[in-house]
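Taking it in order: structure first as structure tokens, then the write-up.
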Amino acid sequence: MLLSPKTEQKIVQAFLYFFTSIAVLVLLFILVVILKNGLPQLSLEFLTKNPADMGREGGILSTIVATIFLTFIALLVATPLGVGTAIYLTEYTIESRLTRIIRFGAECLAGIPSIIFGLFGFILFVNKLKFGWSILSGGLTLAFMVLPTIIRTSEEAIKSVPQAYRLVSFSLGSTRWQAITRVVLPSAVPGIVTGIILSIGRSIGETAAVIFTAGSALRMPSSLFSSSRTMAVHFYILAKEGVSMPKAYGTAAVLVIAILIINIMTYYLMEKYIKRKS
Amino acid sequence: MTKLDKNDRLIRISLLVVAFSAVSVLAVITIFIFEQGTPIMFKYGLKSFLFGQDWYPSEKSFGLLPMIVGSLMVTFGALIIGVPLGLASAIFLTEFSHRRLTRFLKPVIELLAGIPSVVYGFIGLMFLVPFIRENFGGPGLSVLAASIILGIMILPTVISIAIDSIRAVPDSYREGSIALGATKWQTVRMVVLPAARSGIVAGIILGMGRAIGETMAVIMVAGNAADIPGSILQPVRTLTSNIALEMGYASGEHREALFATGVILFIIIMILNTIANLTSARQKKR
Amino acid sequence: MKEIAIQVRNFSHYYGSHQSLKNLNFDVYRHEILGIIGPAKSGKSTFLACLNRLNDLLPGSRVEGQILVDGQDIYGPEVDVVALRRKIGMVFATPVPLPMSIYENVVYGVRLLGKNNRKELDQIVEDSLEKAGLWNEVKDRLQTSALKLSGGQQQRLCIARILALKPEYILLDEPTSGLDPISTMKIEDSLRMLKKDYTIILVTNNTKQAARVADRTAFFLMGELVEIDDTRVIFTRPSDKRTEGYLEGKFG
């Protein structure tokens, strides 16, 4: 069958249009279903009461608190490590075998499935270091998981700071460290923050790495060492074990809205950043 | 002077130590997983682990073949669904759609990459599984359901990486081709896609890594029977699900066998990572 | 007899295997403006970078010979590079205001020393901007971003930023190359004023600028010092044919 190039182009275009519509519609469908079924479940009570009767009754307060604690610990550990690595790679060394090893390590770490992080955290933090199923074990496991994201985004942000700023700073008598802390890092902040926000999103939604390290106890966490259930884990258990579909939808809606806000913030920051650079 | 020099050296050394955090974490993870997982593999023989068909931990029978086959099946299925949809969308959004539509849709698609995997699994469980059960038969929890859900999950990854690498092709290539009288589609097919090929391949491999490593969404829709499925409508268990399903109560050799599952998963992922790294490095070089 | 401030002795500089400065020997007098002219890539900017050791930051950079500033070899083992850079200020070809307020730009170097007394800083800002001829234009908006100033204002801000450190030497690397004639004139005026208190080395692509402001002028060609003399002598009866050729526009 021979088609004229023009007809062929029209057919292909229609075909691509159709495929794109499917992809976009399917993705939007997920969003719409969660929000449509979940939003009616949301109320002040849902957000401010602890779960009761294994999650059949009450709200999700303790899981929100656990999620926040876990995410906080993860970033508290991962941010200095990630930004420090990025500073070393961009400011303190030239491209060499060493930097390639460091970058390769970060890229490999980024590809490791979360369940492997879960296994690792379980053996190291829960068992060997005897932190037990706890906020601390879960937070540290998540820290390692988001580390590559923070390294990569920080490195890009620092690299995009004009070289002339460093030169000027040196010529005015600054040490390397003063140039970094007073000029380079302040200019790179929006990019670094973007990486941190992305990591927050990943930590909030993570299940596999958390369920074996933070546990799934349904109570308000009282210390770093208390076992606790995050929103994502709570949602998984409600849905998988069919505890309560309305509560599952409600929890999913809170999760999805949190992720939406985080992503929109990231997007907004990046746009602002790009505009400022040009 | 000497004090400043000392400070600088101190900072440099501390940063070097910090910079090794990612490499050290990777090393420690590798060591722990292998330390926990390999002894039992050698105790019962590598062959019985890799090719044994029976997974009965209580009877000390640790055949992982059903799970290896399961992981490969759902990953392959995810690619069949995710790659054509993803590539078509990327080509459409970069070459054929209005700029304004692309500016709106690209962030929306990237946003969907951030939706937690459990949410995808849940949607699959609520809508896709009953749909398959009623229209195609079988239990619904199946290879097909897992493949479709994973295919959708890797869409954002495939689309955004493909868009980036198609955009990286210089406009002069397109102009040259159009100037020679080619239509837009001919230009895309003969000039743009070949030039963007290694970036697109790297994106597909990353998507593949995401599919093979995904756990919770798969557990929710795959049915999780530890047998090699006879058809795509039958339940399946992947390597990741095998770990997640039994880790909660396993002990002794059973737990070690789950770590052995982790070892196999780890090796598969590392191979994929290395391929992806090499492919994207090749594009950068060009 | 004029007092000698900088002595350059058998000084050479290399980038890897390429020799960019070839066995330079000359003196710089205190409180003069020394103009350095020459075609592109003749080593003028490299020489400035060597003077405040910014060349240290480039990989593969190496020097031979000596540069004595106030009698001290700046490549000697005891040298405090950071203090040296404060003593020898540098103005770059493109004005580079740091992404902060006008005020913070001026006190950037001072703050590095740990000085944070508000009154003291205010005084430094006013003095430095005054000397750089910028005070009247910006005194009402010191807290606005320095990036909002015009190119000429930015370059004068860069000069003020150096003056705040109370240096003894000011190096300028084609400071007016991107500016309009009026901004250029303002900067040249400032330089003539600054001569009283500072020793100035001005690298310029614009030979007329050297003729206008420099007391003495040096001509560099392919990393060599061809000749150095009173500006009037260089421009009216140079002793080397190559200088004459360059000034007549035969090359460069």
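The values are calculated or read from the model by the stated rules, or taken from the named source; none is laboratory data. Being a predicted model, the structure only gives us computed values, none of them experimental. Heads up, the Cβs are rebuilt from the backbone with ideal geometry, glycines too, and the neighbour counts pull from every protein chain shown. Ligands, DNA and RNA are excluded from the accessible area calculation, which covers all protein heavy atoms including side chains. Shrake-Rupley method; radii C 1.70, N 1.55, O 1.52, S 1.80 Å.
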Picking from B:177, B:165, B:142, B:117, which residue would you name as being of a type in the set (S, T, N, Q), at the interface with chain A (Cβ under 8 Å from one of its Cβ atoms) and either closer than 25 Å to residue A:194 by Cα or open to solvent by less than 40 Å² (accessible area, probe 1.4 Å) (or both)? B:117
For segment B:1-77, please list each of the helices (runs of 4 or more DSSP H) lying entirely inside it that holds at least 2 residues being under 23 Å from the mean Cα position of the chain (by Cα). B:21-44
Just the residues that are assigned to a helix (DSSP H, G or I), facing chain B (nearest Cβ under 8 Å) and among the aliphatic types (A, V, I, L, M), please, taken from segment A:95-118. A:101, A:102, A:106, A:109, A:115, A:116
Could you check residue A:128 against (1) within 9 Å of another protein chain (Cβ to nearest Cβ); (2) of a type in the set (Lys, Arg); (3) in contact with a helix residue (DSSP H, G or I) (Cβ under 8 Å, 6 or more places away or on another chain) and say which number it fails? (3)
For residue C:173, all conditions in the list (1) over 30 Å from residue C:14 (Cα atoms); (2) in contact with a Ser or Thr (Cβ under 8 Å, 6 or more places away or on another chain); (3) of a type in the set (Asp, Glu) hold save one; what is the number of the exception? (1)
What do you reckon, is residue C:79 farther than 24 Å from residue C:5 by Cβ and among the hydrophobic types (A, V, I, L, M, F, W, C)? no
What is the number of the single condition among (1) in a helix (DSSP H, G or I); (2) among the hydroxyl-bearing types (Ser, Thr, Tyr); (3) out of contact with any Gly (no Cβ under 7 Å at 6 or more places or on another chain) that residue A:249 does not meet? (3)
Given the conditions (1) surrounded by fewer than 23 Cβ atoms within 10 Å (Cβ to Cβ); (2) under 24 Å from residue A:121 (Cα atoms); (3) away from chain A (no Cβ under 12 Å), which single one is not true for residue B:237? (1)
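Residues that are touching a Ser or Thr at 6+ places or on another chain (Cβ under 8 Å): find the helices (runs of 4 or more DSSP H) completely inside segment A:1-94 holding 3 or more of those.
Where helices (runs of 4 or more DSSP H) fall fully within segment A:1-94 and carry at least 3 residues being touching a Ser or Thr at 6+ places or on another chain (Cβ under 8 Å), they are A:5-38, A:61-91.
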In segment B:206-236, the residues that are assigned to a loop (DSSP other than H, G, I, E, B) and within 18 Å of the chain's Cα centre (by Cα): B:214, B:215
Looking at (1) without any contact (Cβ under 8 Å) to a residue 60 or more places away in the chain; (2) within 11 Å of chain B (Cβ to nearest Cβ); (3) open to solvent by 30 Å² or more (accessible area, probe 1.4 Å); (4) closer than 19 Å to residue B:247 by Cβ, can you tell me which one residue A:144 breaks? (1)
Matching entry among A:180, A:192 (being assigned to a helix (DSSP H, G or I) and facing chain B (nearest Cβ under 10 Å)): A:180
So which residues in segment B:1-42 are in contact (Cβ under 8 Å) with a residue 60 or more places away in the chain and open to solvent by 30 Å² or more (accessible area, probe 1.4 Å), if there are any at all? B:30, B:34, B:36, B:38, B:39
Tell me which of these residue B:110 doesn't satisfy, since it passes every other one: (1) facing chain A (nearest Cβ under 8 Å); (2) in contact (Cβ under 8 Å) with a residue 60 or more places away in the chain. (2)
Surrounded by 22 or more Cβ atoms within 10 Å (Cβ to Cβ), within 13 Å of chain A (Cβ to nearest Cβ), touching a Phe, Trp or Tyr at 6+ places or on another chain (Cβ under 9 Å) and over 26 Å from residue B:81 (Cα atoms): is that true of residue B:260 in this structure? yes
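Only one residue in A:38, A:82 is within 30 Å of residue A:190 (Cβ to Cβ) and within 14 Å of chain B (Cβ to nearest Cβ), so which one is that? Quick ask: steps written out before the conclusion?
On the way: A:38 fails: within 30 Å of residue A:190 (Cβ to Cβ).
On inspection, the qualifying residue turns out to be A:82.
Hey, among A:215, A:201, A:250, which residue is crowded, with 21+ Cβ neighbours inside 10 Å and either closer than 29 Å to residue A:89 by Cα or not assigned by TED's automatic domain parsing to the domain that holds residue A:60 (or both)? Give the steps one after another, and end with the answer.
Details: A:215 fails: either closer than 29 Å to residue A:89 by Cα or not assigned by TED's automatic domain parsing to the domain that holds residue A:60 (or both); A:250 fails: either closer than 29 Å to residue A:89 by Cα or not assigned by TED's automatic domain parsing to the domain that holds residue A:60 (or both).
Testing whether each residue is crowded, with 21+ Cβ neighbours inside 10 Å and either closer than 29 Å to residue A:89 by Cα or not assigned by TED's automatic domain parsing to the domain that holds residue A:60 (or both) leaves just A:201.
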Specify which of the listed residues (C:37, C:6) is touching a helix residue (DSSP H, G or I) at 6+ places or on another chain (Cβ under 6 Å), open to solvent by less than 10 Å² (accessible area, probe 1.4 Å) and of a type outside the set (Gly, Ala, Ser). C:37
Between residues in segment C:29-47 that are more than 21 Å from residue C:245 (Cα to Cα) and in a loop (DSSP other than H, G, I, E, B) and residues that are open to solvent by 50 Å² or more (accessible area, probe 1.4 Å) and of a type in the set (Asp, Glu), which pairs lie under 7 Å by C-beta distance while being six or more apart or on different chains? C:30/C:3; C:32/C:215
Within segment C:46-74, residues being crowded, with 17+ Cβ neighbours inside 10 Å, over 18 Å from residue C:224 (Cβ atoms) and more than 16 Å from the chain's Cα centre (by Cα) number 3
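Residue-by-condition table, conditions (1) part of a helix (DSSP H, G or I); (2) at pLDDT below 95; (3) more than 21 Å from the chain's Cα centre (by Cα):
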site: B:82; (1), (2), (3): yes, yes, no
site: B:85; (1), (2), (3): yes, yes, no
site: B:100; (1), (2), (3): yes, yes, yes
site: B:139; (1), (2), (3): no, yes, yes
site: B:144; (1), (2), (3): yes, no, no
site: B:161; (1), (2), (3): yes, yes, no
site: B:173; (1), (2), (3): yes, yes, yes
site: B:187; (1), (2), (3): yes, yes, yes
site: B:193; (1), (2), (3): yes, yes, yes
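Answer yes if at least one residue in segment A:153-171 is within 30 Å of residue B:261 (Cα to Cα) and surrounded by fewer than 21 Cβ atoms within 10 Å (Cβ to Cβ), and no otherwise. Outline the logic, then answer.
Within segment A:153-171, the first condition is being within 30 Å of residue B:261 (Cα to Cα), and the residues that meet it are none.
Looking for residues that are within 30 Å of residue B:261 (Cα to Cα) and surrounded by fewer than 21 Cβ atoms within 10 Å (Cβ to Cβ), one finds none in segment A:153-171, hence no.
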